[in-house]
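The structure under discussion is supplied below as structure tokens; questions concerning it will follow.
Bear in mind that the values in this text are calculations on the coordinates, not laboratory data. Here the structure is a predicted model, which is why all the values come from computation and not from measurement. Cβ atoms come from the backbone with ideal geometry, glycine included; neighbour counts cover every protein chain shown.
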Amino acid sequence: MTDESWAGWYRDRRGSEAFILTTDGRRLRVRVRGTDFEGESFDALLPAAGVVPEAGAFDLADGVLGDCVLEWDLPLPVLAAGTVRQATLSCLLSLRRADPDLYLALHLDGAVYESHRAENDFASALATIRAVLPPDIQLQICTACALSGYLPASGRGISGGLGCFRDAKDAYRDVTEGSAVAGLWDRRTGLVQEIWSCREFEPRPFEPGLVTGAPAERRTGAPGPTEGAGAGRLGVHPLEHA
């Protein structure tokens, strides 16, 4: 996989700084204030190997970056009326110690498709957006791929933990229940970020009210797509509540 990087803004009680987010589709790297943090989920970012953060420069809990807000935009491939297009996904993530939350907004042709203002993770937030997209618009990212899924009944972080089965396509397509994925878990290509995309993407039909599972999608008790939508950027997570 080839690394991709996006610029954004980092905020904590010390002020605001530009930051760079880099991912290879599996691991994340955030560089802020000259310090690199790495991990497989946004709520598990640790100082990179050999890196010792400057004393007092960050709020760390057991070494994990927290009590901050990250905001960034990234290009996101979508299939619109049969044509591959580039939309923009705006991400606003509050890494609060007690209860991190996430807000996403997809921008395409002047329209904005939003998640709820305080989603638990990328899987739920992207499912909310998929539920409000017009029928002729589909996301072309890992969370919407027919070759991806989560290990049933497993805890996961805000992002990552999504199994990719592109090297076991035929066996994975034959699985009809999420519980059967456990038997294929050791054959996964690896774990990927929900917002990643690759050339072997295969669309998964989406049913509103479901969060991407594998290969059947699992139902959640989340409110409907219009409830809580419309939150403005930056106003969602005041710094004092980070």
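Of all residues in the range 132-145, how many are in a loop (DSSP other than H, G, I, E, B) and under 17 Å from the mean Cα position of the chain (by Cα)?
Qualifying residue count, the range 132-145: 2.
Could you please let me know if ASP170 is in contact with a strand residue (DSSP E or B) (Cβ under 9 Å, 6 or more places away or on another chain) and not β-branched (Val, Ile, Thr)?
Numbers: in contact with a strand residue (DSSP E or B) (Cβ under 9 Å, 6 or more places away or on another chain): no; not β-branched (Val, Ile, Thr): yes.
Taking the combined requirement at face value, the residue does not satisfy it.
What tally of residues in the range 12-38 results from selecting those that are over 17 Å from GLY50 (Cβ atoms) and of a type in the set (Phe, Trp, Tyr)?
Qualifying residue count for the region: 1.
Still on this structure, I have one more. Report those strands (runs of 3 or more DSSP E) wholly inside the range 1-117 carrying at least 3 residues which are out of contact with any His (no Cβ under 7 Å at 6 or more places or on another chain), among the β-branched types (Val, Ile, Thr) and within 30 Å of ARG166 (Cα to Cα). Explain how you work it out, then say what you get.
Details: elements: 4-12, 15-23, 28-32, 35-39, 59-61, 64-66, 68-80, 83-95, 101-108, 111-114.
In the range 1-117, 15-23 are the strands (runs of 3 or more DSSP E) which contain 3 or more residues that are out of contact with any His (no Cβ under 7 Å at 6 or more places or on another chain), among the β-branched types (Val, Ile, Thr) and within 30 Å of ARG166 (Cα to Cα).
Right, another one. From the list LEU46, LEU89, LEU95, which residue is aliphatic (A, V, I, L, M), surrounded by 18 or more Cβ atoms within 10 Å (Cβ to Cβ) and touching a Gly at 6+ places or on another chain (Cβ under 8 Å)?
On the way: LEU46 fails: surrounded by 18 or more Cβ atoms within 10 Å (Cβ to Cβ); LEU89 fails: touching a Gly at 6+ places or on another chain (Cβ under 8 Å).
After ruling out the rest, the residue left standing is LEU95.
Still on this structure, I have one more. Quick check on my filter: what residues within the range 101-116 are crowded, with 20+ Cβ neighbours inside 10 Å and not acidic (Asp, Glu)?
Those that are crowded, with 20+ Cβ neighbours inside 10 Å and not acidic (Asp, Glu): LEU102, TYR103, LEU104, ALA105, LEU106, TYR113, SER115, HIS116.
So is ILE129 assigned to a loop (DSSP other than H, G, I, E, B), crowded, with 17+ Cβ neighbours inside 10 Å and touching a strand residue (DSSP E or B) at 6+ places or on another chain (Cβ under 7 Å) or not?
On the way: assigned to a loop (DSSP other than H, G, I, E, B): no; crowded, with 17+ Cβ neighbours inside 10 Å: yes; touching a strand residue (DSSP E or B) at 6+ places or on another chain (Cβ under 7 Å): yes.
No; evaluated as a whole, the condition is false for this residue.
Can you list residue pairs whose Cβ atoms sit under 7 Å apart, with the first residue in the range 1-17 being within 19 Å of LEU45 (Cα to Cα) and the second being in a loop (DSSP other than H, G, I, E, B)? Count only pairs 6 or more apart in sequence or on different chains.
What qualifies is ASP3/ASP24; ARG11/ALA242; ASP12/ASP67; ASP12/ALA242; GLU17/ARG33.
May I ask you to say which residue of THR88, THR83 is free of Cβ contacts under 8 Å to residues at least 40 places away in the same chain and closer than 21 Å to GLY8 by Cα? Give the steps one after another, and end with the answer.
Working: THR83 fails: closer than 21 Å to GLY8 by Cα.
Exactly one of THR88, THR83 is free of Cβ contacts under 8 Å to residues at least 40 places away in the same chain and closer than 21 Å to GLY8 by Cα, namely THR88.
Still on this model: Does the range 1-43 hold any residues that are of a type in the set (S, T, N, Q), surrounded by 15 or more Cβ atoms within 10 Å (Cβ to Cβ) and under 18 Å from ASP73 (Cα atoms), and which are they?
Step one: list which residues in the range 1-43 are of a type in the set (S, T, N, Q), which gives 2, 5, 16, 22-23, 35, 41.
Still in the list and also surrounded by 15 or more Cβ atoms within 10 Å (Cβ to Cβ): 22-23, 35, 41.
Those that are of a type in the set (S, T, N, Q), surrounded by 15 or more Cβ atoms within 10 Å (Cβ to Cβ) and under 18 Å from ASP73 (Cα atoms): THR22, THR23, SER41.
I'd like to check something: does the range 42-54 contain any residue that is more than 21 Å from ASP3 (Cβ to Cβ) and of a type outside the set (D, E, K, R)?
yes
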